[in-house]
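Q: Shown below is the structure under consideration.
The values are calculated or read from the model by the stated rules, or taken from the named source; none is laboratory data. Small disclaimer: the values here were computed from a predicted structure and weren't measured. No Cβ is skipped: glycine too gets one built from the backbone with ideal geometry, and neighbour counts run over all protein chains shown. All accessible areas refer to the heavy atoms of the entire protein, side chains included, with ligands and DNA or RNA removed. Shrake-Rupley method; radii C 1.70, N 1.55, O 1.52, S 1.80 Å.
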Amino acid sequence: MTTVSAYAALSPKAPLERTTIERRTVGESDVLIAIEYSGICHSDIHQARNGWGEGIFPMVPGHEIAGVVEEVGAGVTKFKVGDRVGVGCMVDSCRECEACRTGFEQHCAQGNVQTYNGVGRDGEPTYGGYSTHVVVDEAFTLRIPDGLSLDVAAPLLCAGITTYSPLKHWGAGPGKKVAVVGLGGLGHMGVKIAHALGAEVTVLSQSLRKREDGLRLGADHYYATSDEQTFKDLAGSFDLILSTVSAPLGYDAYLALLKTNGVLANVGAPEEPVSLSLFSLIGGNKQLAGSMIGGIAETQEMLDFCAEHELGAEIELIEAGQVNEAYERVTNSDVRYRFVIDTSTI
Ligand code: NAP
Ligand code: ZN
Ligand code: ZN
């Protein structure tokens with residue numbers, strides 16, 4: 001075991017503070033990663049505030065990790081010391097069930113081992129990226145291509161894959177009209193990726209405050225959902241709507257924006273349940289779907305795609321001491337467009 005510095009929530013109501021945690025000794029198939037950057041996902045806030053329930057405290061959040069390999073176990077074949085690597089939302093799974101065997105480790109029948117707020121297969125709690133080092137099995141470690149700098153690559157490990165996977169799955173591409181709801185961490189990557197895939201992209205944001213940014217990121221159109229006229233103008237417009245909203249949404253209004261056979265893919269994970277009228281689905285053969293991150297192979301595919309298209313995240317780099325302030329700002333939809341912790345300040 002090695003003692004390393006970290007930022008933790010000691011309880012759901014406590015601000016995050018500096019602490020120390022133990023990292024396991026590097027095992028046969030492990031890599032020790034010196035973390036350089038760690039993104040702040042809204043899921044960190046949901047969990048650190050115990051909004052989803054059953055949180056394990058103290059909690060060291062962070063599942064958008066980018067760094068450099070410092071040590072490798074004797075059996076490691078994919079990585080060597082000095083490699084630029086990333087870790088996303090999971091660090092292990094059973095590797096034997098149908099989901100694991102087919103590249104959907106996130107849906108492992110035994111549950112994936114979350115990067116933090118989880119329990120490893122060794123029975124120990126997992127601690128995330130708001131920390132200086134992490135030990136991860138090489139099978140759950142991603143390669144960050146040379147074309148991406150580590151700071152803007154970090155958010156891809158969650159925000160990138162969470163938007164790439166449903167956009168690919170539901171066919172975002174040339175000739176397709178795609179709307180992205182919410183221009184935050186996930187949303188801004190959704191816009192960039194959907195644009196790079198060749199789709200016609202519309203942002204549906206609460207206001208027009210971030211319109212210029214949205215268009216610069218690759219959107220063709222930008223509408224405010226606070227304006228009732230938006231829902232009249234865009235009725236029946238989209239093949240695919242990707243909702244990244246962290247709060248409960250009035251789904252009936254958004255389903256009405258789909259074309260016949262359109263899909264509303266939701267990745268937002270609000271803390272309260274939502275309700276909708278099933279008639280919103282029946283009329284128009286519409287689908288309401290969910291999507292959770294992506295498997296390991298698809299995450300590598302996404303990183304390679306983002307490097308090829310020069311798609312890093314738009315980030316605000318902060319010191320670890322600013323993390324509580326950053327949480328406030330994300331909660332208030334005041335993020336442009338991902339906070340990333342410089343972990344040398346931990
Ligand atoms: P974020 O940066 O806070 O972005 C969420 C955006 O949603 C905000 O920027 C805002 O965009 C919009 N929004 C917030 N409150 C709203 C409200 N009351 N009504 C309408 N729009 C609202 O968060 P994030 O990190 O992108 O994460 C978004 C959600 O996805 C979170 O719930 C997170 O837990 C979840 N998530 C899910 C997965 C998965 O695998 N499915 C993975 C990662 C994260 P505008 O200002 O443009 O309106
Ligand atoms: Zn996340
Ligand atoms: Zn499994």
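Q: Please pick out the residue among 150, 157, 167 that is within 24 Å of residue 346 (Cβ to Cβ), away from ligand 2 (no atom under 16 Å from the Cβ) and within 18 Å of the chain's Cα centre (by Cα).
A: Working: 157 fails: away from ligand 2 (no atom under 16 Å from the Cβ); 167 fails: within 24 Å of residue 346 (Cβ to Cβ).
Of 150, 157, 167, the one residue that is within 24 Å of residue 346 (Cβ to Cβ), away from ligand 2 (no atom under 16 Å from the Cβ) and within 18 Å of the chain's Cα centre (by Cα) is 150.
Q: While we're looking at this one, here's another question. Please find, within region 156-174, the residue that is farthest from residue 241 (Cα to Cα) out of those that are in a loop (DSSP other than H, G, I, E, B) and touching a strand residue (DSSP E or B) at 6+ places or on another chain (Cβ under 8 Å).
A: As a first pass, look at region 156-174 and keep what is in a loop (DSSP other than H, G, I, E, B): 158, 170-174.
Applying the additional criterion that residues be touching a strand residue (DSSP E or B) at 6+ places or on another chain (Cβ under 8 Å) yields 158, 170-172.
Details: 158: 19, 170: 10, 171: 11, 172: 10 Å.
Out of the qualifying residues, it is 158.
Q: Would you please list the contacts, defined by Cβ atoms under 7 Å and residues six or more apart or on different chains, that run from a residue in region 158-175 that is at pLDDT 95 or above to a residue that is away from ligand 3 (no atom under 16 Å from the Cβ) and among the basic types (Lys, Arg)?
A: From region 158-175, the pairs are 159/338.
Q: If a residue must be surrounded by 18 or more Cβ atoms within 10 Å (Cβ to Cβ) and under 26 Å from the mean Cα position of the chain (by Cα), how many such residues does region 264-282 contain? Show your work before the answer.
A: Residues of region 264-282 surrounded by 18 or more Cβ atoms within 10 Å (Cβ to Cβ): 264-268, 280.
Still in the running and under 26 Å from the mean Cα position of the chain (by Cα): 264-268.
Residues flagged as surrounded by 18 or more Cβ atoms within 10 Å (Cβ to Cβ) and under 26 Å from the mean Cα position of the chain (by Cα) within region 264-282 amount to 5.
Q: Sticking with this structure for a sec: Is it the case, given these coordinates, that residue 34 is of a type outside the set (Ser, Thr, Tyr), in contact (Cβ under 8 Å) with a residue 40 or more places away in the chain and not in a loop (DSSP other than H, G, I, E, B)?
A: Yes: the conditions hold for residue 34.
Q: Would you point out which residue out of 39, 27 is surrounded by 23 or more Cβ atoms within 10 Å (Cβ to Cβ) and more than 16 Å from ligand 3 (Cβ to nearest atom)? Walk me through how you get there before you give the answer.
A: Numbers: 27 fails: surrounded by 23 or more Cβ atoms within 10 Å (Cβ to Cβ).
Going through 39, 27 in turn, just one is surrounded by 23 or more Cβ atoms within 10 Å (Cβ to Cβ) and more than 16 Å from ligand 3 (Cβ to nearest atom): 39.
Q: Related question: So in region 80-103, with the set limited to residues that are open to solvent by less than 10 Å² (accessible area, probe 1.4 Å) and in a loop (DSSP other than H, G, I, E, B), which one is nearest to ligand 2 (Cβ to nearest atom)? Spell out how you get there, then give the answer.
A: Just the residues of region 80-103 that are open to solvent by less than 10 Å² (accessible area, probe 1.4 Å), to begin with: 85-88, 90, 93.
Adding the requirement that they be in a loop (DSSP other than H, G, I, E, B) leaves 88, 93.
Details: 88: 8, 93: 17 Å.
It comes out as 88.
Q: Determine which member of the set 261, 324, 285 is assigned to a loop (DSSP other than H, G, I, E, B) and open to solvent by 30 Å² or more (accessible area, probe 1.4 Å).
A: 285
Q: State which residue is nearest to ligand 1 (Cβ to nearest atom) when the search covers only region 185-205 and only residues that are open to solvent by 20 Å² or more (accessible area, probe 1.4 Å) and in contact (Cβ under 8 Å) with a residue 60 or more places away in the chain.
A: Of everything passing the filter in region 185-205, 186 is nearest to ligand 1 (Cβ to nearest atom).
Q: Would you check which residues across region 159-184 are open to solvent by 10 Å² or more (accessible area, probe 1.4 Å), within 13 Å of ligand 1 (Cβ to nearest atom) and touching an Asp or Glu at 6+ places or on another chain (Cβ under 9 Å) and list them?
A: Matches in region 159-184: 165 only.
Q: Same structure again: Confirm whether residue 160 is within 29 Å of residue 9 (Cα to Cα) and not aliphatic (A, V, I, L, M).
A: yes
Q: Restricting the search to region 288-321, which residues are open to solvent by less than 70 Å² (accessible area, probe 1.4 Å) and in a helix (DSSP H, G or I)?
A: 296, 298, 299, 300, 302, 303, 305, 306, 307, 320, 321
Q: I would also like to ask the following. In region 118-135, what residues are surrounded by fewer than 24 Cβ atoms within 10 Å (Cβ to Cβ) and not charged (D, E, K, R)?
A: 118, 119, 120, 123, 125, 126, 132, 133, 135
Q: Residues to consider are 320, 289; find the one that is closer than 25 Å to residue 219 by Cα and away from ligand 2 (no atom under 16 Å from the Cβ).
A: Unique residue meeting the criteria: 289.
Q: Here's something else I'd like to know. Restricting to region 56-75, give me the number of residues that are within 16 Å of ligand 1 (Cβ to nearest atom), under 16 Å from the mean Cα position of the chain (by Cα) and in a strand (DSSP E or B).
A: Of region 56-75, the ones within 16 Å of ligand 1 (Cβ to nearest atom) are 59, 61-65.
Checking the rest, the ones that are also under 16 Å from the mean Cα position of the chain (by Cα) come to 61-65.
Next, only the ones that are in a strand (DSSP E or B) stay: 65.
Residues in region 56-75 being within 16 Å of ligand 1 (Cβ to nearest atom), under 16 Å from the mean Cα position of the chain (by Cα) and in a strand (DSSP E or B): 1 in total.
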